[in-house]
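Nothing in this text is a laboratory measurement; each read-out follows from the coordinates by a stated rule. All figures in this text were calculated on a predicted structure; none of them were measured in a lab. With ideal geometry, Cβ positions are generated from the backbone for all residues, glycine too; neighbour counts draw on all protein chains shown.
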Amino acid sequence: MIFLRKSYLKLYICCIELFFKSVENMRTYTNVFDLGDLKTALSEAFEIKKDRYKYESLGKHKTCLLIFFNNSLRTRLSTQKAARNLGMDVIVLDVNQGAWKLETERGVVMDGDKSEHLLEAIPVMASYCDIIGVRSFARFENREDDYTEKILNQFIQYSGKPVFSMEAATGHPLQAFADLITIEEYKRKERPKVVLTWAPHPRALPQAVPNSFADFMNEADVDFVITHPHGYELDPKFVRGAKVEYDQLKAFEGADFIYAKNWACPGVTNPDDYGKILSKDMSWTVDTAHMALTNNAFFMHCLPVRRNMIVTDDVIESPTSLVIPEAANREISATVVLKRMLEAL
Amino acid sequence: MIFLRKSYLKLYICCIELFFKSVENMRTYTNVFDLGDLKTALSEAFEIKKDRYKYESLGKHKTCLLIFFNNSLRTRLSTQKAARNLGMDVIVLDVNQGAWKLETERGVVMDGDKSEHLLEAIPVMASYCDIIGVRSFARFENREDDYTEKILNQFIQYSGKPVFSMEAATGHPLQAFADLITIEEYKRKERPKVVLTWAPHPRALPQAVPNSFADFMNEADVDFVITHPHGYELDPKFVRGAKVEYDQLKAFEGADFIYAKNWACPGVTNPDDYGKILSKDMSWTVDTAHMALTNNAFFMHCLPVRRNMIVTDDVIESPTSLVIPEAANREISATVVLKRMLEAL
Amino acid sequence: MIFLRKSYLKLYICCIELFFKSVENMRTYTNVFDLGDLKTALSEAFEIKKDRYKYESLGKHKTCLLIFFNNSLRTRLSTQKAARNLGMDVIVLDVNQGAWKLETERGVVMDGDKSEHLLEAIPVMASYCDIIGVRSFARFENREDDYTEKILNQFIQYSGKPVFSMEAATGHPLQAFADLITIEEYKRKERPKVVLTWAPHPRALPQAVPNSFADFMNEADVDFVITHPHGYELDPKFVRGAKVEYDQLKAFEGADFIYAKNWACPGVTNPDDYGKILSKDMSWTVDTAHMALTNNAFFMHCLPVRRNMIVTDDVIESPTSLVIPEAANREISATVVLKRMLEAL
């Protein structure tokens, strides 16, 4: 009798496992939908935050290859730490400062400066590892190339291994997942108002962070508003149903979280403006006057941040500034993603 | 009685172990002869390929120092992986882009740009590790310096530690061993015909790969032929008794394996031509017409490869192209070599 | 009765442990005083030298972040090895060749080339690790900045983590501790005479090594003498009660250890001379004639060394040259320091 019950129990556990298996069967991580149910993902994040080494045995004899086409501080450190939390070996490969000298076409006589074809390079790299992380920024040379995530997708298509983005041309999903974890930890009401605000910056920056933040907030249980000057409209793929408010001060009213970020023109309304700086309007800098309009909002930014361009010293140093815990959560988001990929191997 | 038999068995095993010990007492790895009996080496390779972590306990508390004077992708990744397969710690040292600013002479007043003498630098590096890998390409400045393997031999002479080549000026024995493993895996007859063919390339390349390939094939159980235009004769030290056929098409007839590679003039017949490009004859590019002459040969290349210079897209993408499994075997050849060195410590 | 004695013994051991705990409660390592009692530190060093992996379990699930603002060979290798001896994970971060593009002031509109404020950068780096090592040389731009150890102290102040120097602007305490270990190993009398001598060099070098050597020798049980040309006076903070002898030959008389090193003008007597080369007097080069005046002294230098500027070939290659064992002891000094920091976590 007891024996029978045990069998049922086993069957029941097996069903649950199969369900989670399908949720967790992660082969790529490039956007919010790769995570499946966000409540499940968040509960995994908090489980790992309580005990970072809980799944240390998962990564035994598994190697994580981190390929950097662009410089990195937070991503390099937090992703290495995450892989080690899971017991993986890590190999870091720095590809010469953004240079991707791989031929991608067939039929080309390769007598120029490209010394290898991606059809050889990617499978070879993949043959020495189990999971691949790729960092490859937007180049602003060609909107099409950036927005089709040419390089990241080459790795997905030709490596035969699970691939995760460590910030690609149009998305930074490890950052956005860390942001979501942070909002979940600090929110003071069930459905907080979250405002993504553009702010000025001296250089032209990619849209990866605001795109992914919008991507995540649209699926999270929040009241999401985007505010920016005219011409800075983000790609509809990421904005989806979000409210866009061109009056920054109005957007800030009653906000529980302010997420500031600069980005260069996404070229949605005018493709010729793609990658251009359309405004350096310093009235958009988040200062105490801006914050006074909010519901004592928390301040967030992905870092690095230009002080007194994006945000004033007072705001970023205030007790409601979350920039440091937000960055620390990068280790947690990366650990969840790598754990999922290891489980799916 | 049974007890006695066990004793005999132990003694017998002990003898076998001693025999292998002598074979495996590897202190340097620079050429085929360092491997000892190739059949034994191959059987170790296949044993490791079946279970890469089988000897994981061998490298406990041992550190492998990988010194790169030149860039590397395959070698960097595969050698790190190999060392980790064996449980070793790995420290990677990138020496500024080929700059070997070490004084090597005595009596020199070191008031110039050389800040250290090799007699200090090498023993110090060696003091923090157990095994050293060195990558240092031919410089084409001086044939004598390249062909005496000046830098590699300085490490062998002054480090007091086992040293293995991760591609030196005139040899790439980890590549050649991986090639041998690949040929053994794919051969369809006991003694296949293997052809090393020169092919055109826009830049002047060292002879390390063809030299080591010849070095290995001359000792392997294969029918070995080398083909190249006049003037490209490889050093007799590596060619040994191999057949050299100047007519490429004739060489290809009935071949089971085609190994393509470019190399610049080895300067054997005319030392003044050392490192020069004597030919860019595109009729040497390996295409389907060439392959049609063979016994449905497998195509091999060490990578990176210039498509449509060395080989056409059709040939390298064909089902008989082995370039990817060949690269993947780099992990296996490196694991065997490091295992041998660990056993000999 | 025996039970009672055991209790007393336990209490006694507990007291001893508490005493050592306080000595070992290391949160920073920048100078000799951070080590506490030198005899205890030396006995720990020799314990570790006998069994480098004795404390391997201490570093489990701990991460050591090594930040290099300047190039490094010995420090990079020996510190990584030390951390691994203790079972720590190591993450190496190379900051672009000495560039410390962090804003340090408040109120600055960051629209220039500084992309991050140290108040964000340092806590974030710290959030991914448990212990931080920093290498940051003197820049000779501003004596005040160098001698207040601006960068190192920013890490100490803002990281919230234990921080150790891997050579800072004015000190190199891991080197000096290794030097002390070496002197203790080789000394032939209870209180040897140790001479720190300036020697010529083609470039302007920081004072980190001589400063720390003086710092350590002043606390060690040695008869310590410093000799250098006029104008090269080291900072009083490090010289303390040491004897300064301007006649090099007189200083060498009866010495048991000669520690040679170049340094540029420390700017003590004339701040305008800070970082300048005041002398290239080759009569200060340590040769056999110099050494003949000593008590068959051992020769020491931290390396890298310019031969025939600092020291002749004959002296550095003589049986009493300790430069290699001295460098090898860098692994030991770093292991002791990291062990102390791990115990204090």
If one builds a Gaussian network model of chain C from Cα atoms under 10 Å apart, the most fluctuating residue listed among C:40, C:294, C:79 is C:40
Treating only Lys and Arg (+1) and Asp and Glu (-1) as charged, each at its beta carbon, one finds that the protein assembly as shown has a dipole about its Cα centre, in Debye to the nearest 20, of 3300
Output row, site residue A:187, 7 Å Cα→C-beta label point, backbone N cut-off 16 Å, window the range A:248-264, residues A:255-259
Looks like the range B:70-211, by Cα gyration tensor root eigenvalues a ≥ b ≥ c and the a/c under 1.5 rounded cutoff (else prolate when a/b is bigger than b/c, oblate otherwise), is oblate
Measuring from its Cα centre, the range A:175-328 shows a charge dipole (+1 at each Lys and Arg Cβ, -1 at each Asp and Glu Cβ) which, in debye to the nearest 20, is 180
Where a ≥ b ≥ c are root eigenvalues of the Cα gyration tensor, a/c under 1.5 meaning rounded, otherwise prolate if a/b exceeds b/c and oblate otherwise, the protein assembly as shown counts as rounded
If one builds a Gaussian network model of chain C from Cα atoms under 10 Å apart, the most fluctuating residue listed among C:323, C:268, C:163 is C:268
Within 10 Å of the Cβ of an average residue in C:163-171, the count of other chain Cβ atoms is 0
For the range C:222-266, listing chymotrypsin sites (Phe, Trp or Tyr not before Pro) in a DSSP loop whose Cβ sees at most 15 other Cβ atoms within 10 Å gives C:246
Filtered hits (aspartates and glutamates, Cα-Cα < 12 Å from residue C:49, offset >= 8 within chain) -> C:185, C:331
In terms of the charge dipole of the protein assembly as shown, which places +1 on Lys and Arg and -1 on Asp and Glu at the beta carbon, the residue among C:140, C:108, C:91 farthest towards the positive end is C:91
The range A:175-328: relative contact order from alpha carbon pairs under 8 Å, six or more residues apart, as a whole percent, is 27
With one decimal in nm and the nearest listed first, the spacings from residue A:188 to its own position in the other copies, using label points 7 Å along Cα-to-Cβ, are 7.6, 7.6
For the range A:221-290, averaging the sequence separation of alpha carbon pairs under 8 Å that lie six or more residues apart and dividing by its residue count, the contact order in percent is 32
Cβ-Cβ cut-off under 13 Å around residue A:242, Lys and Arg +1, Asp and Glu -1: the net charge is -2
In deg cm²/dmol, rounded to the nearest 500, the helical mean residue ellipticity at 222 nm of chain A, built from -39500 (n - 2.57) for every DSSP H run of length 4 or more, is -12000 deg cm²/dmol
So for chain B, using the alpha carbon gyration tensor with a ≥ b ≥ c as root eigenvalues (a/c under 1.5 gives rounded; past that, a/b versus b/c decides prolate or oblate), I'd call it oblate
Distance in Å, no decimals, from the C-alpha centre of the range A:282-345 to the one of the range B:26-84 is 45
Most packed first (mean Cβ within 10 Å per residue), the peptides B:182-189, B:333-340 order as B:333-340, B:182-189
Simple spin-label estimate for residue C:343/residue B:113, 7 Å along Cα→Cβ, in nm, reads 4.8
The equivalent-ellipsoid semi-axes of the range B:55-114, taken as the square roots of five times the Cα gyration tensor eigenvalues and listed largest first in whole Å, are 32, 15, 7
As straight-line cross-link partners of residue B:280, the qualifying aspartates and glutamates (C-alpha separation under 15 Å, not fewer than 8 residues apart within one chain) are A:111
XL table C:50/C:339; C:101/C:261; A:39/A:237; A:39/A:62; A:193/C:101; A:54/B:50; Cα-Cα > 26 Å flagged, in table order, is C:101/C:261; A:39/A:62; A:193/C:101; A:54/B:50
By the mean-Cβ-within-10 Å protection proxy, highest first, A:308-315, C:200-207, C:143-150 rank as A:308-315, C:200-207, C:143-150
Percent relative contact order for chain C, counting Cα pairs under 8 Å at least six residues apart, stands at 20
By the mean-Cβ-within-10 Å protection proxy, highest first, A:129-141, C:108-120 rank as A:129-141, C:108-120
So, in nm and shortest first, the distances from residue A:246 to its counterparts in the other copies, with label points 7 Å along Cα→Cβ, work out as 7.8, 7.9
